[in-house]
Amino acid sequence: MQLSKNDTLLFIGDSITDSGRVFPVGEGGFGQLGDGYVTQVDALLNAVYPELAIRTLNTGISGDTIRHLKARWAKDVVDLSPDWLSIMIGTNDVWRQFDNPLNTEDHVYLDEYEQTLRTLVDAIRPSLKGLVLMTPYYLEPNLNDPMRATMDIYSGVVKKIADEFNAIVVDTQSAFDSLSEYVYLSSLSNNWDRVHPGQRGHMTLAREFLQAVGFSWNGENN
């Protein structure tokens, strides 16, 4: 288990991270962290590692792209002084290119996405104990689907930046793909939109995050 006693763990991202959390900062019980993977991570960490007293914060905002994260980075990341930071962004950067193709002002193309993510990570990395980069995903098993293929390219950027900055990478797409032998991937999303996960989808994200940071059901803290 890589997190330490009294660490603050901050999650930032789009609607997948937001999941109905309270504003200005989601923290604590009774739905304040939302009803998604962030709440599941927090619950498992504090149930299995109560002695660590890990503080979990959520500053995800629905509809965000990397452009939005840049605009609110100081307030929603830097000022909160996290020990650990998890970033999952990119879904809307890709999605707007497909669901709103004529409004190019909302499109965040690959060069801007990569440059902005790298700049944000470079600025915050020295102050962190640990950084987790979670790839964007699309719940579509057909690798030739245009949106799936584009999402995979953006995910490749996340993996590259994670390697550059000694960050933990959580390959969310791979986690979902491993389930496709047993379930229809769209069934893991709300309203079958192939983006917003239901509870099984959120638990898949929580599981992959916890495995990546060394979570053990025995509460081992090496």
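Summary table
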read-out	value
Filtered residues of region 57-90 (kept if more than 16 Å from the chain's Cα centre (by Cα), under 22 Å from residue 46 (Cα atoms) and not hydrophobic (A, V, I, L, M, F, W, C))	81, 83
Test: residue in region 205-221 that is of a type in the set (Ser, Thr, Tyr) and part of a loop (DSSP other than H, G, I, E, B)	yes
Matching option when the condition is assigned to a loop (DSSP other than H, G, I, E, B) and under 18 Å from residue 87 (Cβ atoms), among 182, 137, 154	137
Subset tally (residues that are open to solvent by 10 Å² or more (accessible area, probe 1.4 Å) and out of contact with any strand residue (DSSP E or B) (no Cβ under 7 Å at 6 or more places or on another chain)) for region 65-80	10
One residue from 110, 57, 120 being of a type outside the set (Ser, Thr, Tyr), surrounded by 22 or more Cβ atoms within 10 Å (Cβ to Cβ) and without any contact (Cβ under 8 Å) to a residue 60 or more places away in the chain	57
Residue list for region 1-12, filter: of a type outside the set (D, E, K, R) and either open to solvent by 10 Å² or more (accessible area, probe 1.4 Å) or in a loop (DSSP other than H, G, I, E, B) (or both)	1, 2, 3, 4, 6, 8
Count of region 164-179 residues which are part of a helix (DSSP H, G or I), among the acidic types (Asp, Glu) and surrounded by 13 or more Cβ atoms within 10 Å (Cβ to Cβ)	1
Single condition residue 189 does not satisfy, out of (1) at pLDDT below 95; (2) exposed (fewer than 15 other Cβ atoms within 10 Å of the Cβ); (3) among the small types (Gly, Ala, Ser)	(2)
Residue identified as of a type in the set (A, V, I, L, M), farther than 25 Å from residue 124 by Cα and modelled with pLDDT of 95 or more among 44, 10, 33	44
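A quick yes/no check of all residues on (1) open to solvent by 50 Å² or more (accessible area, probe 1.4 Å); (2) touching a residue at least 60 places away in the same chain (Cβ under 8 Å):
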| site | (1), (2) |
| --- | --- |
| 129 | yes, yes |
| 133 | no, no |
| 153 | yes, no |
| 158 | no, yes |
| 184 | yes, no |
| 194 | yes, no |
| 197 | no, yes |
| 212 | no, yes |
| 219 | no, yes |
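The values are calculated or read from the model by the stated rules, or taken from the named source; none is laboratory data. Note that the structure is predicted; figures quoted are calculated from it, not measured. Neighbour counts run over all protein chains shown; Cβ positions are idealised from the backbone, glycine included. Note: areas computed on protein heavy atoms with side chains; ligands, DNA, RNA excluded. Shrake-Rupley method; radii C 1.70, N 1.55, O 1.52, S 1.80 Å.
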